[in-house]
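Input: one structure, supplied below.
Here, each number is a calculation from the coordinates, and none is a lab measurement. Being a predicted model, the structure only gives us computed values, none of them experimental. All Cβ positions, glycine included, derive from the backbone under ideal geometry; neighbour counts span all protein chains shown.
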Amino acid sequence: MTGPECSVPEALARMLAACPPLPAETVPLAAGLGRVLAAPVVARQTQPPFAASMMDGWAVRAADVAGAGPDAPVTLRRIGEAAAGHGFAGTVGPGEAVRIFTGAPIPPGADAVVMQEDCRDDGATVRIGRAVGPGRFVRPSGHDFGAGDAVLPAGRRLTSRDVALAAGADVPWLSVHRRPRVAVLATGDEIRLPGEPPAPGRIVSSNAFGLCALVESQGGVALNLGVAPDSAADLAERAAAAAGTDLLVTAGGTAEGDRDFVRSLPGARTPLVDGVAMRPARRLLFAAAGGSRLLALPGNPVSALVAAVLFLRPMLRVLQGLPHEPGPRRFARLDGRLPAGGGRADFPRAALSVDAAGELVVTPLPRQDVALTSAIAAADALIVRPPDAAAAEPGTPVEIIPLAGGCLKL
């Protein structure tokens with residue numbers, strides 16, 4: 001190791017400091033889902049742009065029907081009709097009414113709508129059987145928002161509801177942060193791709209596929225560079241394909257053995273982070289120089305994915321203009337016992353459930369081996385155990401990091 005291990009917070013702070021938000025780009029509204037706004041969405045029109053009827057019924061002057069009731073209906077002269085998209089061109093005067101439908105503009109002169117259930121129409125006149133006050137069943141212009149209003153703030157990841165709001169604001173284009181481009185490279189002579197013929201001493205590559213999926217789930221664009229053999233020249237050749245990306249993530253080769261060559265990559269000789277006081281994934285490295293970034297993760301699948309949750313996921317967030325934390329710290333009641341910790345932070349994998357009282361419960365998985373892809377797939381959360389943590393008994397509230405959740409919130 002070239003220096004002392006960082007704590008987890010210190011390592012994360014160093015990484016995030018090297019990841020300012022990416023520049024803005026303009027995309028069509030239809031491509032906005034999951035993107036992060038680089039500028040507010042400002043309404044280009046008032047919504048609704050006119051006073052509109054909330055009901056099917058009759059547009060009237062409230063003063064004309066002030067004394068109406070079921071047993072004493074008021075008769076008004078029918079002068080026309082207003083439908084959605086087809087307003088009434090005239091003006092409603094004393095003793096007059098206009099047949100109106102939901103969403104239609106309120107005709108000039110009218111100030112209320114009587115529901116059709118309270119009216120009887122004979123073609124030439126309508127009998128109004130209920131009194132209404134001014135504004136009844138009228139949705140005023142600007143009831144939702146006005147032209148010039150900032151309807152969505154910068155720094156917001158867009159949901160489908162947000163896209164609908166932007167469309168209603170008559171905004172066809174969005175200014176969003178560019179999606180982070182992340183190259184992922186697995187290393188090791190023993191690694192083969194899924195579907196390739198088995199061979200003695202070789203195992204299937206899972207890291208690159210899992211890391212690429214995590215990148216995509218967090219709003220990034222993943223480029224799988226395949227597998228680099230245990231050779232400094234081959235590793236450098238494969239890594240060169242990451243040119244133009246925002247981050248190169250490698251898996252494996254982070255130790256200092258004779259067949260570990262990640263440290264030979266450009267920038268890796270002077271890393272910002274070289275080892276983190278945590279388990280799993282103690283042997284990781286982060287370097288940033290000349291606009292390129294390298295996050296070198298351990299090769300064990302659980303170690304790689306835990307480190308990706310703790311460091312890669314926050315980096316992807318800040319590159320897109322989001323705060324590195326998705327929300328407030330989360331806690332759950334421990335179901336089981338955790339022994340006292342050592343000098344490093346620990347992140348046991350765990351399952352989440354909800355008890356009969358509706359309380360969130362976290363249960364450590366029985367198998368914590370860092371090579372078990374089945375165990376990390378079964379986990380719903382990581383339990384956060386700080387360095388030198390005391391033993392935790394059943395029922396103790398413990399901090400958790402949920403593993404679920406990507407950028408495509410509806």
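How do 278, 54 line up, fewest other C-beta atoms within 10 Å first? Display every interim value, and only then the final one.
Values: 278 23, 54 14.
Fewest-to-most ranking of 278, 54: 54, 278.
Output the antiparallel fraction of DSSP beta bridges having both residues in the chain, as a percent to the nearest 5. Please report the intermediate quantities before stating the final value.
Working: 52 of 79 bridges.
Of the beta bridges lying entirely in the chain, close to 65 percent run antiparallel.
Could you check the spin-label model distance between residue 161 and residue 117? Points 7 Å from the Cα along Cα→Cβ, value in nm.
That separation, rounded to one decimal, is 2.8 nm.
Where in segment 57-93 does the label zone of residue 124 land, with the point 7 angstrom along Cα→C-beta and an amide N cut-off under 12 Å?
77-78
Arrange 106, 203, 100, 401 by Cβ neighbour counts within 10 Å, fewest through most, would you?
203, 401, 106, 100
Let me ask something else about it. Could you size up the charge dipole of segment 83-196 around its Cα centre, putting +1 on the beta carbon of Lys and Arg and -1 on that of Asp and Glu, and report it in debye to the nearest 20?
Working: 13 positive and 13 negative charges, 41 e Å.
About 200 debye.
Assigning unit charges at the beta carbon (Lys, Arg +1; Asp, Glu -1) and nothing else, what dipole magnitude in debye, to the nearest 20, does the chain show about its Cα centre? Write out the running numbers ahead of the final one.
Details: 39 positive and 39 negative charges, 73 e Å.
Taking the Cα centre of the chain as origin, the dipole is about 340 debye.
Nearest 20 debye, what's the magnitude of the dipole of segment 330-402 about its Cα centre given +1 on Lys and Arg Cβ and -1 on Asp and Glu Cβ?
Numbers: 7 positive and 9 negative charges, 32 e Å.
Charge dipole, segment 330-402, about its Cα centre: 160 debye, nearest 20.
Which whole-number percent is the relative contact order of segment 211-343 (Cα, under 8 Å, 6+ apart)? Please list the in-between numbers first.
Numbers: 167 pairs, mean separation 26.7, N = 133.
Across segment 211-343, relative contact order equals 20 percent.
Still on this structure, please answer the following. In nm, to one decimal, how far is the modelled label at residue 388 from the one at residue 31, with both set 7 Å along Cα→Cβ?
Going by the 7 Å Cα→Cβ label model, 5.2 nm.
Moving on to the next point. Counting other beta carbons within 10 Å of each Cβ, put 329, 35 in order, fewest first. Intermediate results must be reported in sequence, preceding the final value.
On the way: 329 9, 35 24.
So the residues, fewest neighbours to most, are 329, 35.
Oh, and also: Test of understanding: what is the full-extension gain from residue 83 to residue 193, defined as 0.36 nm times their sequence separation minus their Cα-Cα distance?
Numbers: separation 110, 0.36 × 110 = 39.60 nm, distance 6.20 nm.
Contour length minus the Cα-Cα distance gives 33.4 nm.
With unit charges on the beta carbons (Lys and Arg positive, Asp and Glu negative) and the dipole taken about the Cα centre of the chain, which residue among 106, 242, 92 sits farthest to the positive side?
So the residue furthest toward the plus end is 242.
Oh, and also: Let's test the formula: R0 of 56 Å, r as the Cβ-Cβ distance of residue 372 and residue 101. What FRET efficiency results, to the nearest 0.05?
0.35
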